[in-house]
Amino acid sequence: MSTLGLIGSGNIGSTVARLAIAAGLDVVLSNSRDPQTLAELVAELGPRARAATAEEAGAAGDIVVVAVPLRNYQQVPVAPLAGKVVLDAANYYPDRDGTFPELADGAMTTSELLQKQLPTSRVVKAFNNIYFLHLAALARPAGSPDRTALPIAGDDADAKAAAAQLLDVLGYDTVDAGPLSESWRFQPDTPVYTDAYATGLPFWENAAAPADAAKIRALLAAAQHGR
């Protein structure tokens, strides 16, 4: 791939964009407002970045990262993402997003909800379980002894392979957590959510700490529904 599309350019989206540019990729950023509101970020990122509408970012990306508040998931454009691998970084926070009964009772995961919104795309859960400052700090070249692993989940094997290849380029190993129905294992209030990548608690007040694949696998296995 050569171009990463970003629908949502907040903390996670902009951090992924920085990692992508550092890895030699082009990025097309978008948000829920006018592309001009991203002018400062684009200027910071340099010539490999440009701002566009969500539809344009989706069409331009070889892979597309969706990093929007869950309450806005139905605003993600469907047609430009047809046939594409879409990485879902959303989390469900009822206080922010309102109540989604199918999420509250565990009948669906957030990524299954997005997959329902994007029936012609191949959704992979990624980037949702790490604090954005730690995501920026922990990227390492392949083969580094302190390389960190991030979990992914998806229903399409080829899409997960593409996601793992992208994460490798960005500086991370991956752990396959299974299908989208198992992505609850790294949603909020599970052992691998945010705390796994920090030197102490609360995670947002502490430095980043590498977490290898063995640690992430163990934490995924320890996750319990309803935690």
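Of note:
- Cα centroids of region 72-92 and region 120-136: 12 Å apart.
- For the pair residue 2 and residue 207, the difference between a 0.36 nm per residue extended length and the Cα-Cα distance amounts to 70.7 nm.
- Taking the DSSP bridge list for the chain and keeping only pairs wholly inside it, about 10 percent are antiparallel.
- Most fluctuating residue given options 90, 126, 79, as computed from a GNM of the chain linking Cα atoms under 10 Å: 79
- The share of accessible area on region 59-148 that comes from carbon and sulfur is 55 percent, using a 1.4 angstrom probe.
- Within the chain, helix-based [θ] at 222 nm, where runs of 4 or more DSSP H residues each add -39,500 (n - 2.57), nearest 500: -8500 deg cm²/dmol
- Here residue 144 sits with roughly 30 square angstrom of accessible surface, probe radius 1.4 Å.
- Accessible surface, region 48-160, averaged per residue in Å² (probe 1.4 Å): 41
- The chain: relative contact order in percent, alpha carbon pairs under 8 Å with at least 6 residues between: 16
The values are calculated or read from the model by the stated rules, or taken from the named source; none is laboratory data. Nothing here was measured: the structure is a model prediction, and the numbers come from that model. Ligands, DNA and RNA are excluded from the accessible area calculation, which covers all protein heavy atoms including side chains. Shrake-Rupley method; radii C 1.70, N 1.55, O 1.52, S 1.80 Å.
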